[in-house]
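Below is one structure, written out as structure tokens, with a few remarks after it.
The values are calculated or read from the model by the stated rules, or taken from the named source; none is laboratory data. Everything quoted here is computed from the prediction, not taken from an experiment. Because the Cβ atoms are built from the backbone with ideal geometry, glycine has one as well, and the counts that use them run over all protein chains shown. Note: areas computed on protein heavy atoms with side chains; ligands, DNA, RNA excluded. Shrake-Rupley method; radii C 1.70, N 1.55, O 1.52, S 1.80 Å.
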Amino acid sequence: MKAPLQEKYDKEVAPMLKKELKRTNPNDLPQLVKITVNVGIGKLMTQGSKDYSFVEENIARITGQKPSLRKARISISNFKLREGVVVGVAVTLRGRRMYDFVEKLVSIALPRVRDFQGIALKGFDGKGNFSLGMRDCTI
């Protein structure tokens, strides 16, 4: 069963894009492939706390998927960072979970951001990737 957003894309948006962009191959149209949600836990590291389980739990609640731990690849003495220490958590969403996440982000989370001015065009790169940063995820 497809997500409602994916059905809308397939039935309404994709045919409109085909006409507008004058393309015949459906694989040549812009589409969502994956969403990666990353959270750095740098401030916890500098405070000496090694308990980052609440960050894991929050990301798991937000995305509906268990995050993977990201470890430091190299040691940097100025940042008090050692190789192998957990510095963040990440989740990669695909398929139905990805479409559900986008729908909740656009319809629920972003409208609740204080002083939200819309998505900045600077977030897009030349290859079709988009990056969005949020300082606080209390919404």
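General observations
- Rounded to the nearest Hz, the phi-derived 3J(HN,Hα) couplings of region 86-94 under the Karplus curve 6.51 cos²θ - 1.76 cosθ + 1.60 (θ = phi - 60°) are 5, 10, x, 10, 9, 9, 10, 9, 9, where x marks glycine and proline.
- Using alpha-carbon coordinates, inclination of helix 53-63 to the longest axis of the chain, degrees: 0 degrees
- With all protein chains in place and ligands, DNA and RNA left out, the 1.4 Å accessible area ranks M134, M16 as M16, M134, largest first.
- Sum of side-chain charges, V86 neighbourhood, beta-carbon under 11 Å (Lys, Arg +1; Asp, Glu -1): +2
- A Cα-only calculation for the chain places Rg and Dmax at 18.5, 56 Å.
- Long-range amide H partners of V87 with built H, under 5 Å: R70, K71, A72
- Net charge over other residues, Cβ less than 12 angstrom from the Cβ of R96 (K, R count +1; D, E count -1): 0
- Derived scalar couplings ³J(HN,Hα) [region 27-36; Karplus, 6.51 cos²θ - 1.76 cosθ + 1.60; whole Hz; x for Gly, Pro]: 6, 8, 8, x, 7, 7, 10, 7, 10, 10
- For the chain, the share of accessible area belonging to carbon and sulfur comes to 52 percent (1.4 Å probe, ligands and nucleic acids excluded).
- Principal axis dimensions, region 95-139 - Cα atoms, whole angstrom, descending: 30, 28, 15
- Label point distance in nm, F54-K71, each placed 7 Å from Cα along Cα→Cβ: 2.6 nm
- Per residue, the chain exposes 80 Å² of accessible surface when a 1.4 Å probe is rolled over the protein heavy atoms with every protein chain present.
- Inter-label distance, nm, simple model (7 Å from Cα along the C-beta direction), L81/V33: 2.6 nm
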